[in-house]
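The values are calculated or read from the model by the stated rules, or taken from the named source; none is laboratory data. Keep in mind the model is a prediction, meaning the values are calculated, not measured. A quick note on method: Cβ atoms are made from the backbone with ideal geometry, for glycine too, and the neighbour counts reach across all protein chains shown. Protein only, heavy atoms only, side chains kept; ligands, DNA and RNA dropped before computing areas. Shrake-Rupley method; radii C 1.70, N 1.55, O 1.52, S 1.80 Å.
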Amino acid sequence: MKLASCGFAVLLLAGSASGIFAAEGTYPDKPVRFIVPFAPGGPSDVLARMVGQKLSDGLHETVVVDNRGSVGGILGFKLASEAPADGYTILLAVNSGFTINPHVFKKLPYNAERDFQLITQLTTGGNVVTLNPKVPAKSIKELVALAKAKPGVMNYATTGAGNLLGIALFKSMAGIDMVPIAYKGTGQAVISLISGEVQFFFMNPLIAVPHVKAGRLRGIAVTSLARNPALPNTPTVAESGVPGFENITWHNIAVPAGTPKAVVKRLNTELVKVVHTPDVTARLESQGLTPVGSTSEQVTAKIRAESIVYAKLVKKIGYQPQ
């Protein structure tokens, strides 16, 4: 009887294992939900739709973009953290969701370290300091002088913890006082900047470069330490009067923690192919972003290191968690 029971147990385990292997081996066999934690029209949305189409081709299954805009991308991160760990929900995760949010919000509905498995880093790049063309400043030095002449009068757009903290550092290093105006997404912020409701904004190059080249906005500097090839005549903030200033933005892909290793590997393989596809690479570079395509281990290590840097930065500039 005991022998029969053992045999039955072995059959059960074998059956379960074969089911797991079959599920992983046939992944995906239904549409994949691609959560974008920001509103339509912003850089995350543009990047997700660019990547999503190519990923759909590689997986031979539909990838459905699901925009869930909220401050700091928190809602999208929450939904992704609660999704089944089966590879059918992926998250376009901006670096701030992992490296900044934990240090600027007193309470989050997700745990950045525990709830996710990182797949790959897609892109990296500095932001563009953009102004409404009516603002009488054509350089960082002129912007700083203008802000110092009118402390607490000039305003700027923010769409989450990333550019909020970046501009907070800029204000601290430049010794100026300006007022933040919060928006739910980059699309809304851009409309307000063009209309003159706000005066300046740290904008992702994917969105900024086309507006600057079209003359709708004035790009006076980039926030990386090196100039952006898409705007070669635009100086860096560091070389324009605020030495050492740097603010980098990047996107990565994450899935819920516990997602099978075979699925993680498949997603990494397909996504690395996507960012290095010639037309995707060309489009990203023409709009100021550098394609990356890292391993899961590399992006995990990068996030851990950057989180430490931002934790120190929050204390250094005296930012009070909300």
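Name the residue that is surrounded by the fewest Cβ atoms within 10 Å (Cβ to Cβ), counting only residues in the range 148-164 that are of a type in the set (A, V, I, L, M) and within 29 Å of the chain's Cα centre (by Cα).
We begin by selecting, within the range 148-164, every residue of a type in the set (A, V, I, L, M); these are 149, 153-154, 157, 161, 164.
Checking which are within 29 Å of the chain's Cα centre (by Cα) leaves us with 154, 157, 161, 164.
Working: M154: 20, A157: 26, A161: 27, L164: 23.
It comes out as M154.
Can you tell me which residue is nearest to D86 (Cα to Cα) among those in the range 124-141 that are in contact with a helix residue (DSSP H, G or I) (Cβ under 6 Å, 6 or more places away or on another chain) and not in a loop (DSSP other than H, G, I, E, B)?
G125
Are any residues in the range 215-265 open to solvent by 40 Å² or more (accessible area, probe 1.4 Å) and in a helix (DSSP H, G or I), and if so, which ones? Quick ask: steps written out before the conclusion?
From the range 215-265, those open to solvent by 40 Å² or more (accessible area, probe 1.4 Å) are 215-216, 218, 225-227, 229, 232-233, 239, 241, 243-244, 246, 248, 257-258, 261-262, 265; that's our starting set.
The answer is E239, K261, A262, K265.
Pull up the range 266-303, narrow it to residues that are free of Cβ contacts under 8 Å to residues at least 60 places away in the same chain and not polar (S, T, N, Q), then point me to the one that is most open to solvent (accessible area, probe 1.4 Å).
It comes out as E297.
Quick check on the range 76-123: of everything there that is of a type in the set (A, V, I, L, M) and assigned to a strand (DSSP E or B), which residue is nearest to the chain's Cα centre (by Cα)? Steps first, please.
Looking only at the range 76-123, we keep the residues that are of a type in the set (A, V, I, L, M), and these are 79-80, 83, 85, 90-94, 100, 104, 108, 112, 118-119, 122.
Imposing the further condition that a residue be assigned to a strand (DSSP E or B) reduces the set to 90-94, 118-119, 122.
Values: I90: 14, L91: 10, L92: 7, A93: 5, V94: 2, L118: 13, I119: 14, L122: 9 Å.
Selected residue: V94.
Suppose we filter A80, A93 for residues that are at pLDDT below 95 and open to solvent by less than 20 Å² (accessible area, probe 1.4 Å); which single one remains?
Numbers: A80 fails: at pLDDT below 95.
The unique qualifying residue is A93.
Do you know which residues across the range 165-187 are surrounded by fewer than 18 Cβ atoms within 10 Å (Cβ to Cβ) and among the polar types (S, T, N, Q)?
Within the range 165-187, S172 is the sole residue that qualifies.
When you go through G126, G69, G73 one by one, which is the residue that is in contact with a Lys or Arg (Cβ under 6 Å, 6 or more places away or on another chain), at pLDDT below 95 and either open to solvent by 30 Å² or more (accessible area, probe 1.4 Å) or not aromatic (F, W, Y) (or both)?
On the way: G126 fails: in contact with a Lys or Arg (Cβ under 6 Å, 6 or more places away or on another chain); G73 fails: in contact with a Lys or Arg (Cβ under 6 Å, 6 or more places away or on another chain).
Exactly one residue qualifies, and that residue is G69.
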